[in-house]
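The values are calculated or read from the model by the stated rules, or taken from the named source; none is laboratory data. Predicted model, so just to flag it, every value in this text is computed and none were measured. Neighbour counts run over all protein chains shown; Cβ positions are idealised from the backbone, glycine included. All accessible areas refer to the heavy atoms of the entire protein, side chains included, with ligands and DNA or RNA removed. Shrake-Rupley method; radii C 1.70, N 1.55, O 1.52, S 1.80 Å.
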Amino acid sequence: MRRLRLRSLIYGPLATAALSMAALGSLAGPALAQVAHADTIRAGRFDAGKMWTFEYAPADYFSESYDFDANEAWFERARMAALRIPGCSASFVSPSGLLATNHHCVRSRVSAVSDPGEGLLDNGFYAASLEEERPIPGYYADQLVAIEDVTDEVIAASESAGRRRPAPVDLEPIQARLLQEHASESDSVWVQIVPLYNGGRYSAYVFRRFTDIRLVMAVELSMGFFGGDPDNFTYPRYALDFAFLRVYDDGEPFRTDHHFEWGADGVEEGDVVFVIGNPGPTTRLTTMSQLEFLRDVQVPVQRAWLSSRHGAFGEFRAAYPELAEQLDVRNRMFSLSNSLKAAVGRLSALHSYEVMAKRGDAERQLQAAIAADAELQAIYGNLFERMDDLQQHKTDLAPAYGAFYRVSDANNDSRLIRRMSLVHEVEQAAVRGVGADSLAALRNSLLSLGDHPPALEQRFLTARLADFERYLGADHPVARAALFDGSPEASAAALIAHSALATAEGTREAMAAGGLAGDDPARRLMAAWIPAQVEFADAFGPLLDEEGELARDLGRLKFEVYGRDVAPDATFSPRITDGVVRGFEYNGTLAPPYTTFFGIYDRHHGNPGEVDWQLPDRWRSPPAGLDLSTPLNFVSTADTYGGNSGSPAVTRELALVGLNFDRNIQGLSRDYIYLPERGRNVMVDARAVQAALDHAYDADRIVQELVTGTLFRTEAEADQVGARSPR
């Protein structure tokens, strides 16, 4: 009954109109007051998105909306053909374990398997025979083979541990039971307990993990990342962002009945596509006060940190290009620039009147449901007020949050700062009299931390000292200690010149001599910074714990009221989303539903000398036989997010017609809300992939496997067979 009543509030226009702002005003918390004229905008049916889970599969909705039988067998085929790889998604596209994904998902792995002098990242790679497919060390792919709702078991485990609410504690018995049920001699099986609806529900996902993954084909970096950072999160787009891997089992290509057919005919405007993958965490079930903390504190801090560290890498790479290439600085900068542009887009969304008004209206309606139900009121009556108060306490700690943000990130921040923190941990552990093994482990963490090149360390340390001054103020004890030699740059140089912690060798010598000397200049900064950071952590940590508890209550409330009609936030677990191929209005014009190879040459010749749009030698002239009108990239309204990179876009017949690789800039609001009228996901078209393989890379072995399903061990074998009709 509750679900029917609230759906009428959300979806029934007459009921919604009857809920005047005057009637709901008493329910709105202080956070909502900042959204002016919120009564002019209403929450939409799918504002929480369409990232459907397979255990709560929207069978009726798919069948009714797209005129086909989306039955249990259809969802199983879709689930079993899609895989999760580190940070991304992929899918089987042949019976012989061939995997399709994005080039940017395996960019660092291409570098890892490149022999000295090969430069596969820049030059591309194609294994002309099965024997040439290169094993990728430490890589894996996960296939979701079973799902079980374990909410009751998790709640019982929590209650037996004395917890007031469900929490992921003592899950080993659940995992052990499922492992025993699903494991076999040939399978590498593992179980992940996935919280849904902020922990309002729990599902156990049983994965089969493949660990013998080999690189089959990767385009040149300049094709896979064509347009570079300027084109990232934009559309129209012209990137050939694809790569192929292969799963092996017992040394041979893995044989599977679960794979997508190759969609050589592609799709047209208005066609439905289903994107299957593993979107990263979203925050669509948060309260308005949580959104305001993100807007005013968290995302601005993230943006500033990403900008300064990306800038440090950029300056270093410009000054020392060869050393930067050896250290894979390009890929590290790609990662930071991607995150930076996303942070800028998220901040824009949080300042959007439409986004905040729609979210505010949804919150008011949920509070109305609580007020109208005595049972809900008894359990959740003060939930939003408590969350509002908690966000205010977090905001009070904003200066320290900014100053100490990612202070332990040794890869993208100062190693000297990280060593200072580790020295403190070692010293405190010795004072507490911890066991010899624990103390040795801490010392090893300190002594095993390597060095950044001096010029890069100087830039990172300068950025961190500047953070102390920027967020805490020049008169704060930490800032005064940090800027002992005047500016952040001069003080960083002095620390590097005179502190033993500036290098790994100096650290080892200091620890061998009994510890960091009392007159080491790092001691002055440690004396001010460490206590301040500990004080912040002691205050902020409990607030995050409480926020997690309240978020679980909020998730349970929403599931109780909405049921399965509202999709849970993404959790980098398998999801399926639906959308329609459609262009959109932008900048006073229209973005077409798909682009073509013509666009690559227009961008290349229209930006002479600009590295982001320069074509590799193979592509400088159009390859013989390539039809430049072939669709290259296309967009749809499907609800995707980070982690969906590499996701297959399939038709109702489960034919793969594209690989998701990006969103447009308007789609960056999807962290908080799904707005299909402006956001788009961007995909590389299967027709472009096939054309590139056939005409530019002469990869007939892969083309034949895609269109016929037959595995060819060598390129010569495929050439002898010649073209065959698609399956």
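General remarks:
A quick yes/no check of all residues on (1) modelled with pLDDT under 95; (2) basic (Lys, Arg); (3) in a helix (DSSP H, G or I); (4) in contact with an Asp or Glu (Cβ under 6 Å, 6 or more places away or on another chain):
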| residue | (1), (2), (3), (4) |
| --- | --- |
| Ala378 | no, no, yes, no |
| His393 | no, no, yes, no |
| Tyr405 | no, no, no, no |
| Ala410 | yes, no, no, no |
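- Members of region 561-576 found to be more than 12 Å from Gly277 (Cβ to Cβ), small (Gly, Ala, Ser) and not in a helix (DSSP H, G or I), listed by number: Ala567
A quick yes/no check of all residues on (1) surrounded by 19 or more Cβ atoms within 10 Å (Cβ to Cβ); (2) touching a Cys at 6+ places or on another chain (Cβ under 9 Å); (3) under 30 Å from Val344 (Cα atoms); (4) not hydrophobic (A, V, I, L, M, F, W, C):
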{"residue": "Phe661", "(1), (2), (3), (4)": "yes, yes, yes, no"}
{"residue": "Leu668", "(1), (2), (3), (4)": "yes, no, yes, no"}
{"residue": "Ala686", "(1), (2), (3), (4)": "yes, no, no, no"}
{"residue": "Phe712", "(1), (2), (3), (4)": "yes, no, no, no"}
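- Yes/no for Ser645 being closer than 19 Å to Leu83 by Cα and open to solvent by less than 30 Å² (accessible area, probe 1.4 Å): yes
- Residues that are in a helix (DSSP H, G or I) and open to solvent by less than 70 Å² (accessible area, probe 1.4 Å) within region 506-526 comprise Gly506, Thr507, Ala510, Met511, Pro521, Ala522, Arg523, Leu525, Met526, listed in sequence order.
- Residue among Gly646, Gly642 that is part of a loop (DSSP other than H, G, I, E, B) and closer than 22 Å to Glu261 by Cβ: Gly646
- One residue alone among Phe260, Phe334 is within 23 Å of the chain's Cα centre (by Cα) and either open to solvent by less than 50 Å² (accessible area, probe 1.4 Å) or hydrophobic (A, V, I, L, M, F, W, C) (or both), and that residue is Phe334.
- Residues in region 652-705 that are among the charged types (D, E, K, R), in contact with a Gly (Cβ under 9 Å, 6 or more places away or on another chain) and in a helix (DSSP H, G or I): Arg670, Asp671, Arg687, Asp694, Asp700.
- Here the condition is being in a loop (DSSP other than H, G, I, E, B) and not charged (D, E, K, R); of Val434, Val426, Val478, it holds for Val434 alone.
- Flag if Ala31 is in a loop (DSSP other than H, G, I, E, B), among the hydrophobic types (A, V, I, L, M, F, W, C), under 29 Å from Pro195 (Cβ atoms) and at pLDDT below 95: no
- Of Asp627, Asp602, all but one fail to be part of a loop (DSSP other than H, G, I, E, B), out of contact with any strand residue (DSSP E or B) (no Cβ under 8 Å at 6 or more places or on another chain) and open to solvent by 30 Å² or more (accessible area, probe 1.4 Å); the exception is Asp627.
Per-residue answers, yes or no, for (1) within 30 Å of Glu64 (Cβ to Cβ); (2) under 26 Å from the mean Cα position of the chain (by Cα); (3) open to solvent by 10 Å² or more (accessible area, probe 1.4 Å):
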position	(1), (2), (3)
Gly588	no, no, yes
Val611	no, no, yes
Leu615	no, no, no
Pro623	no, no, yes
Gly658	yes, yes, no
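Yes or no, residue by residue, for (1) basic (Lys, Arg); (2) out of contact with any helix residue (DSSP H, G or I) (no Cβ under 7 Å at 6 or more places or on another chain); (3) open to solvent by 60 Å² or more (accessible area, probe 1.4 Å):
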| position | (1), (2), (3) |
| --- | --- |
| Ala440 | no, yes, no |
| Ser445 | no, no, no |
| Asp451 | no, no, yes |
| Leu465 | no, no, no |
| Glu469 | no, no, yes |
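- Filtered by the rule that a residue be farther than 21 Å from Val689 by Cβ and touching a Pro at 6+ places or on another chain (Cβ under 7 Å), region 584-600 gives a lone residue, Ala591.
- Applying the criterion of being over 25 Å from Glu427 (Cβ atoms) and among the hydrophobic types (A, V, I, L, M, F, W, C) to the residues of region 471-505, the residue that is surrounded by the most Cβ atoms within 10 Å (Cβ to Cβ) is Ala493.
Let's see how each residue does on (1) hydrophobic (A, V, I, L, M, F, W, C); (2) open to solvent by less than 30 Å² (accessible area, probe 1.4 Å); (3) without any contact (Cβ under 8 Å) to a residue 60 or more places away in the chain:
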| position | (1), (2), (3) |
| --- | --- |
| Val301 | yes, yes, no |
| Phe313 | yes, yes, no |
| Leu347 | yes, yes, yes |
| Arg359 | no, yes, no |
| Arg364 | no, yes, no |
| Arg386 | no, no, no |
| Gln391 | no, yes, no |
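- Where Val247 falls short, out of the listed (1) open to solvent by 20 Å² or more (accessible area, probe 1.4 Å); (2) in a strand (DSSP E or B): (1)
- Being in a loop (DSSP other than H, G, I, E, B), aliphatic (A, V, I, L, M) and either at pLDDT 95 or above or open to solvent by 60 Å² or more (accessible area, probe 1.4 Å) (or both) holds for only one residue in Ala78, Ala90, Ala70, and it is Ala70.
- For beta carbons closer than 8 Å, sequence separation of 6+ or different chains, a first residue in region 666-680 that is within 25 Å of Ser289 (Cβ to Cβ) and a second that is acidic (Asp, Glu) and surrounded by 21 or more Cβ atoms within 10 Å (Cβ to Cβ), the qualifying pairs are Arg670/Asp639; Tyr674/Asp639.
- Within region 699-710, if we keep just the residues that are free of Cβ contacts under 8 Å to residues at least 24 places away in the same chain and over 31 Å from the mean Cα position of the chain (by Cα), the residue that is most open to solvent (accessible area, probe 1.4 Å) turns out to be Thr710.
- Members of region 356-409 that are within 29 Å of the chain's Cα centre (by Cα) and of a type in the set (Ser, Thr, Tyr): Thr395, Tyr401, Tyr405, Ser408
- Assessment of region 323-338 against the conditions (among the aliphatic types (A, V, I, L, M), under 18 Å from Gly643 (Cβ atoms) and not in a loop (DSSP other than H, G, I, E, B)) yields at least one matching residue.
- Qualifying position, being modelled with pLDDT of 95 or more, within 30 Å of Gln192 (Cβ to Cβ) and in a helix (DSSP H, G or I), among Gly548, Gly541: Gly541
- Test: residue in region 564-577 that is of a type in the set (Gly, Ala, Ser), touching a Ser or Thr at 6+ places or on another chain (Cβ under 6 Å), open to solvent by less than 30 Å² (accessible area, probe 1.4 Å) and over 30 Å from Thr287 (Cα atoms): no
For (1) open to solvent by 40 Å² or more (accessible area, probe 1.4 Å); (2) outside any helix (DSSP H, G or I); (3) over 23 Å from Asn331 (Cβ atoms), each residue gets a yes or a no:
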site	(1), (2), (3)
Met223	no, no, no
Phe226	no, yes, no
Tyr235	no, yes, yes
Glu269	yes, yes, yes
Pro281	yes, yes, no
